[in-house]
Amino acid sequence: MRAARLIKMVLLLQARPSMTAAELAAELEVSERTITRDAQALSEAGVPVYADRGRTGGYRLIGGYRTRLTGLGRSEAEALFLSGVPGALREMGLEDAASAARLKVSAALMPSLRDAPHSASQRFHLDAPGWFKESPAPELLPAVADAVWDDRRITARYRRQQGEVERELEPYGLVLKAGVWYLCARVPDSGSHRVYRIDRFTAVAVGEERFIRDEEFDLPAFWEERAAQFARAILRTEVVVRLTEAGVRQLPYATDRVVAREAMESAGEPDATGRVTATLPVESDDVAYTQLMALGPEVEVLEPATLRERFAEAAARSAALYR
């Protein structure tokens, strides 16, 4: 445990010019006193860790010290080769670069770990797109990916309901969600970060000018927040339903899982027949009709009345077919 922490501490100091004891303690989830002891242990082991005193001081490595990859354990080496998504790398035009990087890392590993790439690839594979959906890579994705890597501004034209719009964007990051590629970009005019579907881009021109990236921008956190906002924003109405025990189990597979869970958590106790009444946020009555039809007789729509009538009519037609 301590050996792994010491290695991580060295790697952190390699990646940054200097870190305070508080920063290291937060990263390694230990106390500042432990950081002091670990720094002393590294120094005694020959690692040139230097401590700067004072309010602006911290720990740093001196003499251009670099550790070697021979400190990797088997699980770490295998995890390294799981970090890439082959399909995504191929769609961004990075397959050759990723292959070369894997070869270089493999060559640097100890002989006992050389089979880690094969071991991992034969045991785990990530297939990002959903079932029964063909999601071809957007033609302009490689150009956007190049701009993201180089921090170069782009001028993009994209389709909207009102027609095509042209924007100058600072491309911060790419996200692959259920087989669909999105660009998280900053709009220079407003200073805000927005999300764009790349398959709606009709033209992309990568400029020579580089933008200064906001180092505090956190792509995973930004995406999580925007995804949650989007999911909530489209839920514009509510339906009241009564579910059987089987309907409760199937609801997360028919609608959004988070919405279904929250609806059931706020639902009342089962009635005498074992059915549970819940209020379910939905995008629209039409979407609710399509989603809840999948539950068949395991759900009864109570409100709104217009949606209930649609289900009653559908049930009558189905009954007539099977008489």
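Numbers at a glance
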{"read-out": "The stretch 32-50, residues that are assigned to a loop (DSSP other than H, G, I, E, B) and open to solvent by less than 60 Å² (accessible area, probe 1.4 Å)", "value": "Gly46, Val47, Pro48"}
{"read-out": "Only one of Gly247, Gly296 that is in contact with a strand residue (DSSP E or B) (Cβ under 6 Å, 6 or more places away or on another chain) and either acidic (Asp, Glu) or under 23 Å from Glu313 (Cβ atoms) (or both)", "value": "Gly247"}
{"read-out": "Criterion (in a helix (DSSP H, G or I) and either among the β-branched types (Val, Ile, Thr) or exposed (fewer than 12 other Cβ atoms within 10 Å of the Cβ) (or both)) met by exactly one of Asp271, Asp286", "value": "Asp286"}
{"read-out": "Positions within the stretch 172-211 being within 16 Å of Arg226 (Cα to Cα), of a type in the set (Val, Ile, Thr) and open to solvent by 30 Å² or more (accessible area, probe 1.4 Å), in sequence order", "value": "Val195"}
{"read-out": "Selected residue (only one of Arg60, Arg74, Arg53 is surrounded by 13 or more Cβ atoms within 10 Å (Cβ to Cβ), modelled with pLDDT under 85 and basic (Lys, Arg))", "value": "Arg74"}
{"read-out": "Per-region count, the stretch 189-248, residues part of a strand (DSSP E or B) and among the basic types (Lys, Arg)", "value": "4"}
{"read-out": "Close pairs (6 angstrom Cβ cut-off, 6 or more residues apart or separate chains): of a type in the set (Gly, Ala, Ser) in the stretch 234-256, crowded, with 18+ Cβ neighbours inside 10 Å anywhere", "value": "Ala246/Glu298; Gly247/Leu295; Gly247/Glu298; Gly247/Val299; Ala254/Gln291; Ala254/Leu295"}
{"read-out": "Residue within the stretch 295-310 that is open to solvent by less than 100 Å² (accessible area, probe 1.4 Å), in contact (Cβ under 8 Å) with a residue 60 or more places away in the chain and part of a helix (DSSP H, G or I) present", "value": "yes"}
{"read-out": "Filtered residues of the stretch 142-188 (kept if in contact with a Leu (Cβ under 9 Å, 6 or more places away or on another chain), in a loop (DSSP other than H, G, I, E, B) and of a type in the set (A, V, I, L, M))", "value": "Val187"}
{"read-out": "Index of the failed condition, Arg157 passing every other in (1) touching a residue at least 40 places away in the same chain (Cβ under 8 Å); (2) closer than 30 Å to Asp256 by Cβ; (3) not acidic (Asp, Glu)", "value": "(2)"}
{"read-out": "Checklist (1) in contact with a strand residue (DSSP E or B) (Cβ under 7 Å, 6 or more places away or on another chain); (2) open to solvent by 40 Å² or more (accessible area, probe 1.4 Å); (3) over 30 Å from Leu295 (Cβ atoms); (4) hydroxyl-bearing (Ser, Thr, Tyr) applied to Thr237, failing item", "value": "(3)"}
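The values are calculated or read from the model by the stated rules, or taken from the named source; none is laboratory data. Quick caveat: nothing in here was measured; it's all calculated off a predicted structure. When we count neighbours, we look across all protein chains shown, and the Cβ atoms used for this are built from the backbone with ideal geometry, even at glycine. We work out accessible area using only protein heavy atoms, side chains counted, and drop any ligands, DNA or RNA first. Shrake-Rupley method; radii C 1.70, N 1.55, O 1.52, S 1.80 Å.
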